[in-house]
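The values are calculated or read from the model by the stated rules, or taken from the named source; none is laboratory data. Keep in mind the model is a prediction, meaning the values are calculated, not measured. Note that each Cβ is placed from the backbone with ideal geometry, even for glycine, and that neighbours are counted across all protein chains shown.
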Amino acid sequence: MANLMHCIKIFAVIILLPYFSISQVKTITIVENNTNEPLIGVNVSHGSTGYVTDENGQFVIKVNELPINLYISYVGYQSQNLIFQQFSDLPETIELAENIQALDLVTVTGSKYEQNITKSTVSVDIIKPDLLRSVNATGSDKILNKVPGVQILDGQANIRGGSGYSYGAGSRVILLLDDMPALQPDAGFPNWSDIPIENLSQVEILKGAASTLYGSAALNGIINFRSSYAKSEPETRVSAAMTVFLSPKDKAKKWWGDTLRYENNYTFVHKQKFGKLDVIASGLYNRLEGFNQFTNEKRGRGNLNLRYRLTERLTFQLGAMINANKNNSFFIWKNGGAGALQALDGTVSDKKSQRIYIDPSITYFDKYKNKHRLMSRLMFLDNKNNTNQSNNSQNRYLEYQFQRNFESQKLVMTAGLVGAWSTTNSQILGDTTFYGRNHAAYVQLDKTFGDKLTIAGGLRYEYVKQISPEQFNGVTITNGIAKDDQLIGRISANYQLAPYSALRASFGQGYRYPTLTERFVTTTFGIFSIFSNPNLKPEKGWSSELGLKQGFALGGFKGFVDLAGFVSEYERMIEFTFLVAPNLGFKPLNIGDTRISGLEVGIAGQVHIGKVPINVFGGYTYINPIYKNFNASDTIRTSISEAEKGINVLKYRSKHQMKMDVEAKFGKLKWGISYQYTSHFINIDRAFEYPLYAFNLEVDVFGIAKYRDDHNKGFQLVDTRISYEVGKFTFTGLVNNVLNEEYTLRPALLEAPRNVALRVDIKLN
C-alpha cells in the first residue's frame with residue numbers, strides 16, 4: 001500500500017510538473033536603449049496584472065500561463081507588445097526607444113506624476129533646455145519671457161495678468177526646483193539666480209490657481225524647473241558668453257561715453273555615475289557692468305547633487321547650493337529724457353547677499369509599489385544693504401509625499417504633509433525678529449474612466465501663523481500672533497477626443513497669506529516711503545479654464561495648437577497703494593475684489609520644409625483685468641493713473657501679448673528669430689506720474705507722465721541668433737533688441753538697448 005501511494009505521488013508530480021514549472025517569478029529591468037539608463041515608472045501589463053518599474057527600472061513578474069504577453073508603455077517612449085512562448089524566453093533586460101515626436105511631451109507639475117501633456121487636466125507649457133542655451137539665458141527668469149501669457153516684471157512672475165508690480169514683496173506664482181519651493185521666506189520673492197540653468201531637463205509652467213497641491217504662493221500659477229540626472233556615460237559641459245550693450249536709440253541718453261558696458265557669464269556642469277552613486281556638480285559666475293548707471297553685479301553659484309541607491313527600493317539624495325552676490329541698482333531714473341539711464345539722487349542701493357540651501361531627501365518604494373518621498377530643506381539667507389534694508393533669515397521645510405497607483409482601477413492617489421518654519425530679522429521690518437509657521441495637508445485623486453475621460457480632484461488644508469511683537473508702529477497685535485487657516489479645493493477634467501486631441505476644464509481655488517515683508521515693511525526709496533500694514537488680510541481666489549489642445553501630425557508639422565478661455569477672481573487682493581500721510585509713499589492694502597478674464601492661443605511643435613526642421617513656439621494672450629468695486633472705492637480711484645478718465649484696468653497689466661520663437665536647423669547650423677509685442681500699461685500708480693497731486697500740484701517730477709504719453713503704443717522686440725557646431729564646440733552669435741526699441745516694464749527704469757553676444761559651449765565628453 002505504501003508503495004502504491006508513493007507511485008501515485010510520483011505520477012501526480014509528473015502530471016502537474018508543467019504547471020509548477022511556469023508558476024515562477026522573474027526580475028526584469030527596463031532601460032533606455034541608447035544610454036542603458038534604467039527607466040522608473042514604466043507601465044507593464046500581463047493579462048489582468050499590472051506592474052510599475054521601481055527606482056532601478058525593475059519589476060517582478062509572476063507567470064501562471066503560457067504564452068507570456070507583455071505590453072510595455074512609457075510616456076515619451078515607443079510602446080512594445082512582446083510575446084514569449086516559454087518562461088525561459090523572458091529576457092533579463094528590455095530596451096525602450098525614445099519617441100522623438102514633438103507630440104510626446106511629458107509633464108509632472110499638474111499632478112506630481114509623469115503624464116503625457118495631452119492628458120493633463122490643467123494648462124501647462126513646457127520649455128526644453130536647448131532653448132536656454134540658444135538664447136544665452138544668463139538667469140532662469142530670462143527664458144520665461146518666451147512663454148505666452150507670462151511676464152517677468154522687475155523680478156516678479158506674472159501669469160495671465162494675475163500679478164502686477166509688487167515692489168519686491170509677495171508672489172502669486174510659486175517657483176519650484178524639482179518640486180521644492182524656491183521663494184525667499186520673508187518676502188516671498190523668487191530667487192531666480194538660485195536655479196541651476198546649466199543642468200535642467202525642462203521647465204514646466206502651470207497657469208492658474210494651483211494651491212491645492214502647492215500651497216499659498218501658487219495662487220496664480222507654478223513655474224517648476226526640473227533638473228537632469230547623470231547617465232551611464234560621464235558628461236561635462238562648460239560655456240562662456242559675453243554680451244555688449246550698444247548705444248540707445250536716443251544717443252542723448254548714453255552716459256558712459258567710450259567705456260564698455262557688458263555682461264560676462266560662465267557655467268559648467270559635470271555628471272557622472274560611480275556604481276550606485278550619481279554625482280552632479282555645476283556652477284555659474286556672472287559679472288555685469290550695466291547700461292543703467294550704478295547697475296553692476298558680481299555673482300557666483302555652486303551646486304552639488306548626490307543620489308545614492310541603497311537598495312532597489314530605497315534612494316537617498318542630497319542637494320546643496322551656495323549663492324554669493326554683490327550688486328548695485330537704482331529705483332528711479334533721474335528724468336525721462338537724457339537722464340533716463342541715470343539714477344535719481346538717493347535711490348541707489350548697494351547690496352551683498354548670500355544664500356545657502358541644504359536639501360536632503362529620501363525616496364522609498366514599498367512592497368506594494370507605493371511611493372514614499374520625504375523632502376527637506378535648510379535655507380540660510382543673509383542680505384546686507386546700505387539703505388537700512390539688511391536682513392537675515394533661516395527657513396526649514398519638510399514635506400512627506402505618498403503616491404499609489406491603482407493600475408487596475410486606473411486611479412492615482414497623491415497625498416502629502418507639509419511643514420515650514422522661518423525666522424527673520426530685518427532692518428526693513430523694524431530690526432525685530434519675526435517667526436513664521438506654515439502647515440498643510442493635501443490629497444488629490446486622478447481617475448481615468450475607460451480610455452478617454454480623466455477627472456482629477458483634490459483638497460488642501462492650510463494653516464499659517466506669524467509671530468511678531470505685540471506693538472508695531474503704533475498697531476496692537478494681540479499676543480503678537482496673526483494666524484489663519486483655509487480649506488481649498490480643485491477639480492479638473494480631460495477628455496481625449498483622439499490620441500493627440502483633448503478637451504480640458506478646470507476650477508481651482510487659491511489662497512495666499514501676506515508675507516512678513518508685506519505686513520511689516522518700513523523703508524524709503526528716495527522721496528518715497530514704504531509703510532507697514534500689520535492688519536493686512538490674506539487674499540483668496542479661484543481660476544477656471546476651458547481649453548482644447550489639438551495635436552497635429554499632418555504633412556511636415558508635428559506639434560500642438562492650444563486654445564484656452566479663462567477667468568480668475570481674487571478676494572481682498574493685496575496691492576501697494578499710494579498714500580500722502582504721514583509722508584509720500586506706498587502701503588500694501590487689501591484693495592477689494594478683482595476679476596481677470598481672457599483668451600489664449602499657443603502653438604508648439606516642429607515643421608519640416610524639405611530636410612530642414614523648424615521648431616516653433618509662441619502664442620497670443622488677451623486679458624481684461626478689472627477692479628470689481630472700481631466705482632465704489634476712493635482708494636482705487638485716487639491711486640491709479642487713468643482713474644479720472646473712468647478706465648477700469650488693474651495696474652501694471654498689458655491687455656495684449658504676442659510671442660513667437662522660430663528656429664531652423666541646417667545640418668550643424670542653427671538660425672533662430674523671436675518676436676514679442678506687449679501692449680501699453682494703461683494704469684500705473686498715479687504717484688509715479690504726479691507725486692504731489694494730493695497737494696493739488698500736478699507736476700511731472702520724474703518725467704514719467706510725459707514718457708508714458710510719448711510711448712503709449714506698447715513695444716515690439718525682435719531678437720535673432722545663429723549657431724554652428726564644430727566638433728565639441730558650439731559657437732552662438734546673438735543680436736537682441738534688433739530694432740533698438742526703447743521701453744520700460746515698470747516706471748522709471750529703461751530696459752536694455754540693442755546688444756550683441758557671443759557664446760561658446762563645449763562638451764568635453
note = Listed by first then second residue, the pairs whose first member lies in the stretch 463-487 and is assigned by TED's automatic domain parsing to the domain that holds residue 511 and more than 22 Å from residue 431 (Cα to Cα), whose partner is of a type in the set (S, T, N, Q) and part of a strand (DSSP E or B), with beta carbons under 6 Å and at least 6 positions apart or on separate chains, are 464/438
task = Determine if the stretch 113-126 includes at least one residue that is assigned by TED's automatic domain parsing to the domain that holds residue 315, within 15 Å of the chain's Cα centre (by Cα), of a type outside the set (A, V, I, L, M, F, W, C) and buried (at least 22 other Cβ atoms within 10 Å of the Cβ).
result = yes
message = Within the stretch 187-240, take every residue that is at pLDDT 85 or above, more than 16 Å from the chain's Cα centre (by Cα) and among the small types (Gly, Ala, Ser) and give me the one that is farthest from residue 765 (Cα to Cα).
response = 240
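Listed here are the residues, each with its yes/no results for (1) part of a strand (DSSP E or B); (2) within 28 Å of residue 111 (Cα to Cα); (3) over 23 Å from the mean Cα position of the chain (by Cα).
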residue: 422; (1), (2), (3): yes, yes, no
residue: 434; (1), (2), (3): yes, no, yes
residue: 437; (1), (2), (3): yes, yes, yes
residue: 440; (1), (2), (3): yes, yes, no
residue: 443; (1), (2), (3): yes, yes, no
residue: 446; (1), (2), (3): yes, yes, no
residue: 459; (1), (2), (3): yes, yes, no
residue: 462; (1), (2), (3): yes, yes, no
residue: 465; (1), (2), (3): yes, yes, yes
task = Considering every residue within the stretch 419-426, establish whether at least one is in contact with a His (Cβ under 7 Å, 6 or more places away or on another chain), under 28 Å from residue 120 (Cα atoms) and modelled with pLDDT of 95 or more.
result = yes
query = Can you name every residue in the stretch 626-666 that is surrounded by fewer than 16 Cβ atoms within 10 Å (Cβ to Cβ) and aromatic (Phe, Trp, Tyr)?
reply = 666
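Every residue, every condition in (1) loosely packed, with under 14 Cβ neighbours inside 10 Å; (2) within 30 Å of residue 639 (Cα to Cα); (3) assigned by TED's automatic domain parsing to the domain that holds residue 644, yes or no:
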{"site": "706", "(1), (2), (3)": "no, yes, yes"}
{"site": "721", "(1), (2), (3)": "no, no, yes"}
{"site": "729", "(1), (2), (3)": "yes, no, yes"}
{"site": "739", "(1), (2), (3)": "yes, no, yes"}
{"site": "749", "(1), (2), (3)": "no, yes, yes"}
{"site": "753", "(1), (2), (3)": "no, no, yes"}
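If I ask for residues that are within 9 Å of residue 204 (Cβ to Cβ) and among the β-branched types (Val, Ile, Thr), which ones from the stretch 118-135 would you list?
At the first step, the residues of the stretch 118-135 found to be within 9 Å of residue 204 (Cβ to Cβ) are 124-127.
Passing the criteria: 124, 126, 127.
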ask   = When residues of the stretch 595-626 are filtered for being of a type in the set (D, E, K, R) and modelled with pLDDT of 95 or more, how many remain?
value = 2
inquiry  = Any residue at all in the stretch 464-474 that's at pLDDT 90 or above, among the aromatic types (Phe, Trp, Tyr) and touching a strand residue (DSSP E or B) at 6+ places or on another chain (Cβ under 8 Å)?
reply    = no
inquiry  = Kindly evaluate residue 369 against the criterion of being at positive phi, of a type outside the set (Phe, Trp, Tyr) and in contact (Cβ under 8 Å) with a residue 12 or more places away in the chain.
reply    = yes
request  = Considering only residues that are more than 18 Å from residue 269 (Cβ to Cβ) and in contact (Cβ under 8 Å) with a residue 60 or more places away in the chain, look in the stretch 136-149 and name the one that is surrounded by the fewest Cβ atoms within 10 Å (Cβ to Cβ).
outcome  = 145
request  = Check 233, 263 and return the single one that is among the acidic types (Asp, Glu), within 19 Å of residue 133 (Cβ to Cβ) and out of contact with any Cys (no Cβ under 8 Å at 6 or more places or on another chain).
outcome  = 263
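Okay, residues lined up against (1) among the basic types (Lys, Arg); (2) closer than 30 Å to residue 507 by Cα; (3) in a loop (DSSP other than H, G, I, E, B):
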position: 185; (1), (2), (3): no, yes, yes
position: 217; (1), (2), (3): no, yes, no
position: 223; (1), (2), (3): no, yes, no
position: 230; (1), (2), (3): no, no, yes
position: 238; (1), (2), (3): no, no, no
query = Does the stretch 183-229 hold any residues that are out of contact with any Gly (no Cβ under 8 Å at 6 or more places or on another chain) and either among the polar types (S, T, N, Q) or free of Cβ contacts under 8 Å to residues at least 24 places away in the same chain (or both), and which are they?
reply = 184, 191, 199, 201, 202, 216, 224, 227, 228
task = Name the residue, out of 415, 420, that is in contact (Cβ under 8 Å) with a residue 40 or more places away in the chain, small (Gly, Ala, Ser) and in the same structural domain as residue 322 (by TED's automatic domain parsing).
result = 420
note = Within the stretch 286-315, the count of residues that are closer than 18 Å to residue 342 by Cβ and of a type in the set (Phe, Trp, Tyr) comes to 2
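Just checking, how many residues over the stretch 307-326 are free of Cβ contacts under 8 Å to residues at least 40 places away in the same chain and either basic (Lys, Arg) or surrounded by fewer than 17 Cβ atoms within 10 Å (Cβ to Cβ) (or both)?
Qualifying residue count, the stretch 307-326: 6.
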inquiry  = Checking the condition within 23 Å of the chain's Cα centre (by Cα) and among the acidic types (Asp, Glu), which residue from 399, 407 passes?
reply    = 399
ask   = Out of all the residues in the stretch 685-719, which are basic (Lys, Arg) and over 30 Å from residue 675 (Cα atoms)?
value = 686
ask   = When you go through 209, 169, 252 one by one, which is the residue that is of a type outside the set (Ser, Thr, Tyr) and within 30 Å of residue 546 (Cβ to Cβ)?
value = 209
key: Restricting the stretch 634-669 to residues that are of a type in the set (Asp, Glu) and under 28 Å from the mean Cα position of the chain (by Cα), the residue that is nearest to residue 611 (Cα to Cα)   = 663
